[in-house]
Each structure stands twice: as C-alpha cells, then as structure tokens.
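Single-structure report; data block below.
The values are calculated or read from the model by the stated rules, or taken from the named source; none is laboratory data. Source: prediction; values computed, not measured. Cβ coordinates were reconstructed from backbone atoms using ideal geometry, including for glycine residues, and neighbour counts include every protein chain displayed.
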Amino acid sequence: MIQNHARRKLLAGDAVISFGVHHLRSVAAPLIAASTGHDILFIDMEHGAFTMQEATQLCMASLPAGVTPVVRVCAGAIDEATRLLDNGALGITVPHVDTAEQAHRVAAAFHYPPQGKRSWGGPPAVYGFRPPHVAEAQAAINQEILTIVMLESPLAIQNADAIAAVEGVDVLLIGTFDLTAEMGISGQVRHPKVVEAYEKVGAACRAHGKVLGMGRINDPDDMARYLAMGARYLGSGSDQSFIVDGAEARMAFLRDLLARNRT
C-alpha cells in the first residue's frame, strides 16, 4: 500500500506544506509539487472547477510521485469525498464544519468499521487495485487517511474543543478569510478576534493531540505569528498565485532591463 507521508510527518510532530491547484489539470502538477519539496497536492473542488474525473486522475498521479493527494470537497459532499478516497485521495478537507456532530459524521464517513461507516468499494487505488484480504486492507487504510475539518465561523471557534475531541479528525484548519467575513472584519487576518481564534483552536488541538492548520495567511509577519501558536498544516500558495507572482516578477525584471538599455 502507498503510505500517506504527510500524515506520518504530522504524527511525528513535523509540519507539512501543501501545493494548491485550482486550474492545473495536467498530471504534471503532482510532479511539480514534489520537485519543489511540497508534502501535499491540495486539489480544490470547493472553489476550483475540477470534475470528479480530473480530480481522481490527479490523485492517482500523486501516489507514485510521493505527494499526498488531499481534496477539498464542498460542505456536506460526503458521497463525493468517499468516491475520491476510493480513487486515489489520501486525505479529504471538509469546509464549514461548525459542530462536533458534523465532525463525527465526517470522521465516520471516511473510515471503515469499526472506526467508522465507510463502504468498501472494491480494490482501491492506494493498493494499486490489488489489496490483501478486505479486513487487513481496511484496517491499514484507516491508518493512512488524513481527515481535515475547516473551522470558518464564530460558532466553529466556540466549538473547537468539542470538534478537536472527535476521534478520526486529524487537522482543524482555520479558514481565516471566511472567518473574518463572518466576524464582520473581512480580510483583517491580524485582528485581535482572529488572534484569539487561533489561540483557542490551538489550545484545543494541543489538548486532544490534533493539528492546527493555517489557511489564507500570506503576510510573513502574520504567518510567523500563527506558526508560533503551533500551526503545522500550511499552504504555500496555489497554481494561480505562483503563476501570477512569477509572471509579475519576471515582467518587472524585463521592463527594468529594457529601461536601463534605453539610457
């Protein structure tokens, strides 16, 4: 079976960094993520326009590349998430989880009995479609699935301790932009209310042996602040931001070079 290296790093107390894709459909994407030292290929089906076919092809291409394929589904899309797990995904991110009850439903759906209620769909991709006996395969796969729930509202922050206590949940990822919007302070990621939210969720994670995730924080000082609070599940950016930032930097260099050659 192909192992979930990102989950194993988190269990060892290390941090992991994801490479986000919104637009890239090529199986080159996981190779690019791996070659740049990323741990995770984060495939966004909540905001990106991926079909199920495209997402599962990226998941399967990630497995031999040594990058953990994690897919963010839409809120409540449990059936879609389990299909992704059957077809190569080693992790699922579920947005807008506000209560422990919702977190229990997520964790149960992504794990086989006795830990959960996931259905066996036949030979899975993580075994190269040639698994051992079903009982052995299910027990092993349960140890590899990375379950990430996103806390994106004041209610979710209020319930952070109860959510962190749910068995089968690995990461509590704060969706910082949506959280600030619900707080009426859109985009103010260094606002005292946001700092307090990270402190509260970080404490819940420490109390229950879970991982704090940091989402949509890009400023170096802000990143340093929340890393110091214990965030270990991080994103470096997405294909769109990498292309735009790289293109802008290159264009600035070339324009400066042309201007100097004219003088």
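For the range 123-133, how many residues are over 17 Å from Ile92 (Cβ atoms) and either touching a Cys at 6+ places or on another chain (Cβ under 9 Å) or not in a helix (DSSP H, G or I) (or both)?
7
When you scan the range 1-82 for helices (runs of 4 or more DSSP H) that lie fully inside it, which ones turn up with 1 or more residues that are of a type in the set (Gly, Ala, Ser), touching a Pro at 6+ places or on another chain (Cβ under 6 Å) and at pLDDT 95 or above?
Ranges flagged: 52-65.
Of the residues Arg72, Arg118, Arg105, Arg83, which is in contact with a Leu (Cβ under 9 Å, 6 or more places away or on another chain), basic (Lys, Arg) and within 24 Å of Leu172 (Cα to Cα)? Let's see the steps before the verdict.
Values: Arg72 fails: in contact with a Leu (Cβ under 9 Å, 6 or more places away or on another chain); Arg105 fails: in contact with a Leu (Cβ under 9 Å, 6 or more places away or on another chain); Arg83 fails: in contact with a Leu (Cβ under 9 Å, 6 or more places away or on another chain).
Going through Arg72, Arg118, Arg105, Arg83 in turn, just one is in contact with a Leu (Cβ under 9 Å, 6 or more places away or on another chain), basic (Lys, Arg) and within 24 Å of Leu172 (Cα to Cα): Arg118.
With respect to Val97, is the statement that it is within 22 Å of Cys205 (Cα to Cα), β-branched (Val, Ile, Thr) and either modelled with pLDDT of 95 or more or crowded, with 17+ Cβ neighbours inside 10 Å (or both) true?
The answer is yes for Val97.
If Ala181 passes every condition in (1) within 24 Å of Thr147 (Cα to Cα); (2) among the hydrophobic types (A, V, I, L, M, F, W, C); (3) surrounded by 12 or more Cβ atoms within 10 Å (Cβ to Cβ) but one, which one does it miss?
(1)
With the requirement that a residue be touching a residue at least 60 places away in the same chain (Cβ under 8 Å), closer than 14 Å to Thr56 by Cβ and in a helix (DSSP H, G or I), what does the range 83-107 give you?
Leu85, the sole residue that qualifies.
Listed here are the residues, each with its yes/no results for (1) free of Cβ contacts under 8 Å to residues at least 12 places away in the same chain; (2) within 23 Å of Ala15 (Cα to Cα); (3) part of a helix (DSSP H, G or I); (4) of a type in the set (A, V, I, L, M).
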{"site": "Gly121", "(1), (2), (3), (4)": "no, no, no, no"}
{"site": "Ala135", "(1), (2), (3), (4)": "yes, no, yes, yes"}
{"site": "Val149", "(1), (2), (3), (4)": "no, yes, no, yes"}
{"site": "Ile157", "(1), (2), (3), (4)": "no, yes, yes, yes"}
{"site": "Asp178", "(1), (2), (3), (4)": "no, no, yes, no"}
{"site": "Val189", "(1), (2), (3), (4)": "no, yes, no, yes"}
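Any idea which of (1) touching a residue at least 12 places away in the same chain (Cβ under 8 Å); (2) in contact with a Lys or Arg (Cβ under 7 Å, 6 or more places away or on another chain); (3) over 16 Å from Ala100 (Cβ atoms); (4) part of a loop (DSSP other than H, G, I, E, B) is the one Ile217 doesn't satisfy?
Unmet condition: (2).
Does the range 159-166 contain any residue that is assigned to a loop (DSSP other than H, G, I, E, B), over 24 Å from Gly13 (Cβ atoms), out of contact with any Lys or Arg (no Cβ under 9 Å at 6 or more places or on another chain) and free of Cβ contacts under 8 Å to residues at least 12 places away in the same chain?
Step one: filter the range 159-166 for residues assigned to a loop (DSSP other than H, G, I, E, B), giving 159, 165-166.
Retained after the next criterion (residues that are over 24 Å from Gly13 (Cβ atoms)): 159.
After this cut, where a residue has to be out of contact with any Lys or Arg (no Cβ under 9 Å at 6 or more places or on another chain) as well, the list is 159.
Narrowing further to those that are free of Cβ contacts under 8 Å to residues at least 12 places away in the same chain: none.
So far as the range 159-166 goes, no, none of its residues is assigned to a loop (DSSP other than H, G, I, E, B), over 24 Å from Gly13 (Cβ atoms), out of contact with any Lys or Arg (no Cβ under 9 Å at 6 or more places or on another chain) and free of Cβ contacts under 8 Å to residues at least 12 places away in the same chain.
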